[in-house]
1. Inspect all residues belonging to segment A:59-75 and state whether any of them is closer than 16 Å to B:GLU100 by Cβ, at pLDDT below 95 and crowded, with 21+ Cβ neighbours inside 10 Å.
2. Could you pull out the residue among A:SER32, A:SER20 that is away from chain B (no Cβ under 11 Å) and either free of Cβ contacts under 8 Å to residues at least 24 places away in the same chain or touching a strand residue (DSSP E or B) at 6+ places or on another chain (Cβ under 8 Å) (or both)?
3. Report whether or not B:LEU90 is within 14 Å of chain A (Cβ to nearest Cβ) and either more than 13 Å from B:GLN37 (Cα to Cα) or surrounded by 17 or more Cβ atoms within 10 Å (Cβ to Cβ) (or both).
4. Among the residues of segment A:93-100, are any under 16 Å from the mean Cα position of the chain (by Cα) and outside any loop (DSSP other than H, G, I, E, B)?
5. Please verify whether segment B:47-65 includes one or more residues that are more than 27 Å from A:TYR87 (Cβ to Cβ), without any contact (Cβ under 8 Å) to a residue 24 or more places away in the chain and hydroxyl-bearing (Ser, Thr, Tyr).
6. Take the residues in segment A:35-51 that are outside any strand (DSSP E or B) and touching a strand residue (DSSP E or B) at 6+ places or on another chain (Cβ under 7 Å), then tell me which one is nearest to the other protein chains (Cβ to nearest Cβ).
7. Within segment B:10-54, work out how many residues are basic (Lys, Arg) and within 14 Å of another protein chain (Cβ to nearest Cβ).
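The values are calculated or read from the model by the stated rules, or taken from the named source; none is laboratory data. This is a predicted model, so every value here is computed, not measured. Cβ: placed from backbone, ideal geometry, glycine included. Neighbour counts: every protein chain shown.
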Amino acid sequence: QKEVEQNSGPLSVPEGAIASLNCTYSDRGSQSFFWYRQYSGKSPELIMFIYSNGDKEDGRFTAQLNKASQYVSLLIRDSQPSDSATYLCAVNAGGTSYGKLTFGQGTILTVHP
Amino acid sequence: DGGITQSPKYLFRKEGQNVTLSCEQNLNHDAMYWYRQDPGQGLRLIYYSQIVNDFQKGDIAEGYSVSREKKESFPLTVTSAQKNPTAFYLCASSYGQGGEKLFFGSGTQLSVL
C-alpha cells in the first residue's frame, strides 16, 4: 500500500509567522508532488506542485522536495487568517500507478490574529 | 465559464437504494476521477477514467460503479452494496492521463436516511 503521511495537526500559528507543513511518502518511484488547500465544506484547490529536488517559490508559498529522504514540505510566509484551511499533500507515483494521485490525511492550519 | 459541475449538492439515500451522482466537465479534459472524503481524512480514489469507454478501479471501488460514455460525463452510482456510503464525494478531471493537476467539482454530500 503506497502511503502519504502528513504531520499531525492541527497547526496554529500567529498572523505574520511562517507555517511549515510536512509530508512523507513511501513509494520511492514517486514523480510528482502537489499541495492542495481545502476550506471547510469546499473542494480542494491546487496551490503548488513540484517535480524536482529543491525549492519552488510562488508568492508567499514555497514547496520543498527531497526525494532521497522521501519528503516534501510547504512553507507559508507571512501567514494570514485567510490561510486557515486544511492542506492536503498528494503524490503521483508513476509506473503502474500512473494516472492516480494518493492523498495524505491533511493538516488543519489555523492562523490567529 | 469552464469548469466541473457536480449535482446534486446534497443527496439522501434510503436503505437498499442505488443513487447516482452526476459529474460534467467542459474543460475538454481527458481524465476524470471520483474521490471519497470522510471527516478528518484525506481523499480516497474510487474510480478513474483516462479515456472514453474505459475506466479503472481505485483503492475503494467496492459498492460503486461508473460509466464513461462521453468525454464530458463521468457519473458515479453508489449501490446498495456500499454499506457505509455517508461521505463527501468529489469529482475531478485533468488534462492529460497522468493525474497531473486535478481540478475538482464542488462536491456532493451523501447521507443515509
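1. Within segment A:59-75 (the criterion being closer than 16 Å to B:GLU100 by Cβ, at pLDDT below 95 and crowded, with 21+ Cβ neighbours inside 10 Å), the answer is no, since none of the residues qualifies.
2. Result: A:SER20 is the single residue among A:SER32, A:SER20 that is away from chain B (no Cβ under 11 Å) and either free of Cβ contacts under 8 Å to residues at least 24 places away in the same chain or touching a strand residue (DSSP E or B) at 6+ places or on another chain (Cβ under 8 Å) (or both).
3. yes
4. no
5. Yes, there is a match, as at least one residue in segment B:47-65 is more than 27 Å from A:TYR87 (Cβ to Cβ), without any contact (Cβ under 8 Å) to a residue 24 or more places away in the chain and hydroxyl-bearing (Ser, Thr, Tyr).
6. This residue is A:SER43.
7. 2
Residues checked against (1) of a type in the set (D, E, K, R); (2) touching a Cys at 6+ places or on another chain (Cβ under 7 Å); (3) not in a strand (DSSP E or B):
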{"residue": "B:GLN6", "(1), (2), (3)": "no, yes, no"}
{"residue": "B:LEU11", "(1), (2), (3)": "no, no, no"}
{"residue": "B:GLN17", "(1), (2), (3)": "no, no, yes"}
{"residue": "B:SER22", "(1), (2), (3)": "no, no, no"}
{"residue": "B:ARG36", "(1), (2), (3)": "yes, no, no"}
{"residue": "B:PRO39", "(1), (2), (3)": "no, no, yes"}
{"residue": "B:ARG44", "(1), (2), (3)": "yes, no, no"}
{"residue": "B:ASP59", "(1), (2), (3)": "yes, no, yes"}
